[in-house]
Amino acid sequence: MHIEPGFLPAAKVAVANLAAVGVLSAYLPSLIKQPTLILRTLLAALFFSLFMQSFHMPVGPSELHFVGAMPMYLILGFIPTLFGFGLGLLLQGLLFEPADLINLGVNTLSLVIPLMAVHYTLGQRFSRLTIATILKLDGVYYAGVTLMVGFWLLQGESTPLADWALFASSYLVIVMFEPLVTWSLVTVIRPYAERPLLRHCVDLPAPA
């Protein structure tokens with residue numbers, strides 16, 4: 001989901017950076033009012049960074065990552081995951097890939113806009129967490145990520161459709177694998193969710 005530095009014109013990168021700041025600023029009051037969300041945001045940034053480093057490879061015009069979006073969203077909540085993406089990408093840039101900081105806003109939007117779409121549609125509708133629910137959430141989320149990458153590619157130099165299709169199809173592996181990770185983590189954490197150490201760290205949905 002990374003857009004490489006230099007692909008987009010500087011003006012469009014600046015607009016994307018402003019848009020990313022605007023999106024996160026809109027949710028900042030909700031984060032500040034609840035200290036437990038700050039803790040979960042730090043955890044989301046940490047887990048996101050670990051997930052990103054665990055698997056990444058160039059595919060077509062972008063880069064394939066194990067994002068871990070649904071494990072974070074379903075265990076830590078919407079606001080922490082939203083800010084965790086931005087903070088995690090910032091940490092990635094500062095510690096591993098300084099050149100990626102140029103497109104920090106671009107890559108943040110590629111992750112948070114699909115997350116918002118999931119949260120305000122399917123995320124509001126399910127009352128019990130099942131494998132089928134996780135598959136739907138993952139499918140919609142990563143469809144959104146691939147569409148966002150396609151959007152950015154249209155803003156830059158000409159990219160063959162086949163290259164974008166290769167990137168989009170590569171996420172099918174993630175969509176098949178991530179639900180297993182999500183279900184496993186939820187199953188392991190749920191019995192301990194009400195313990196003092198975890199009570200403020202997780203926000204699990206109701207079981208099936």
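The values are calculated or read from the model by the stated rules, or taken from the named source; none is laboratory data. The shown structure was predicted, so the numbers you read here are calculated from the model rather than taken from an experiment. Methodologically, a virtual Cβ is constructed for each residue, glycine included, from the backbone with ideal geometry; neighbour enumeration extends over all protein chains shown. Calculation scope for accessible area: heavy atoms of the full protein, side chains included, ligands and nucleic acids excluded. Shrake-Rupley method; radii C 1.70, N 1.55, O 1.52, S 1.80 Å.
Annotations
- For the chain, the longest principal axis of the Cα atoms and the long axis of helix 131-155 meet at an angle of about 20 degrees.
- Calculated FRET efficiency for the pair residue 53/residue 124, C-beta based, R₀ 30 Å, to 0.05: 0.40
- What you get for the chain, charging only the Cβ of Lys and Arg (+1) and of Asp and Glu (-1), is a dipole of about 840 debye around the Cα centre.
- Length added when fully stretched, residue 172-residue 14, from 0.36 nm per residue minus Cα-Cα: 53.7 nm
- Efficiency of FRET from Cβ geometry, residue 96 and residue 132, R₀ 45 Å, rounded to 0.05: 0.80
- Interchain or long-range residues, amide H under 5 Å from residue 66's placed H: 55
- Here the Karplus relation 6.51 cos²θ - 1.76 cosθ + 1.60, evaluated at θ = phi - 60°, turns the backbone of the range 100-108 into coupling constants of 5, 4, 4, 9, 4, x, 4, 6, 5 Hz, with x for every Gly and Pro.
- Mean ellipticity per residue at 222 nm, deg cm²/dmol - from DSSP H runs of n ≥ 4 across the chain, formula -39500 (n - 2.57): -23500 deg cm²/dmol
- Global geometry of the range 1-53, whether rounded, prolate or oblate, following the gyration tensor of its Cα atoms and the 1.5 cut on a/c: oblate
- For the chain, the fraction of 1.4 Å probe accessible surface lying on carbon and sulfur atoms is 72 percent.
- More than 20 angstrom apart: percent of Cα pairs within the range 2-201: 56 percent
- Cα long-axis angle, helix 161-189 against the chain (0 to 90 degrees, to the nearest 10): 20 degrees
- Take the range 2-201 with all the other protein chains still there, run a 1.4 Å probe, and you get 49 Å² of accessible area per residue.
- Residues residue 195 and residue 26, FRET efficiency given R0 of 41 Å [Cβ-Cβ distance, rounded to 0.05]: 0.80
- For the range 67-86 and the range 173-208, distance of Cα centres in Å: 12 Å
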